[in-house]
1. Could you compute the FRET efficiency for ASN192 and ILE29, with r as their C-beta to C-beta distance and R0 at 25 Å, rounded to 0.05?
2. Put a dot 7 Å past each Cα toward the Cβ at ASP66 and GLN207; how far apart are the dots in nm?
Amino acid sequence: MSGMFGGSGSPTAMQNYATWYGLNALNKIDTSTVDNANQNMAQYAQAMSQNLGNRPDYVYSVEASDAARQRAEQAYYNNMVNNLQPQFSQQQADLETRLANQGLSVGSEAYQRAMNDLTTQQNNAYTNAANQAVLSGQNAYSQSLSDAINSANFTNNSRMLPVNEILTLLSNSPSEYDIAMEKYGILSNYANTAAQQQAQNQALKNQLMAGLINAGAGALGSFYAK
């Protein structure tokens, strides 16, 4: 191969033109904007790395709030007790009046059994209120964990927003490095094509030469045979 655009074993004229046209088109692309953006990002990344100790880190773990659980549990129980106590006082007064009207004296077996039944009902109501308070606390605990996760995700996503936006913009434009790699690919393909064609031409020459030698040897053998 004597050169890119001619000589024995060179690619065809169409391949020569395609190579020239591709390189010429790449040379006309202005990558200064993207190159400057990449340089700015590199400088920004350097500045960020120097200030890592002074800025909030990414959130890698979160915890639920036990204080929120306790507050919710106590608030629910206090609210239930405040509602139940007036009802219980009225129930006891009504029961005492009803028992007195029935002629049952305080301390009698029937009187005490009725008062015990009322106390049992009221204690069951307090127990149910305590159980519901625990459930309310658990819900508050779960909600605090969900809030912490959402907050961590928001923080981490917010930190990446400008970086992702810049990367998206850069991905739509070629850089000087991208152009260089395109040129390298074109020239590599051209060189491979030229090498393959040269090898094919040499193989053909060798085949023809071998044929001529064999033909000459055959003719010489026939001459001496005579």
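1. Using R0 = 25 Å, I get an efficiency of 0.55.
2. Modelled inter-label distance: 8.6 nm.
The numbers here are math on the coordinates, done by the rules we state, and not lab data. Everything quoted here is computed from the prediction, not taken from an experiment. For neighbour counting, all protein chains shown are included, and Cβ atoms are generated from backbone atoms with ideal geometry for every residue, glycine included.
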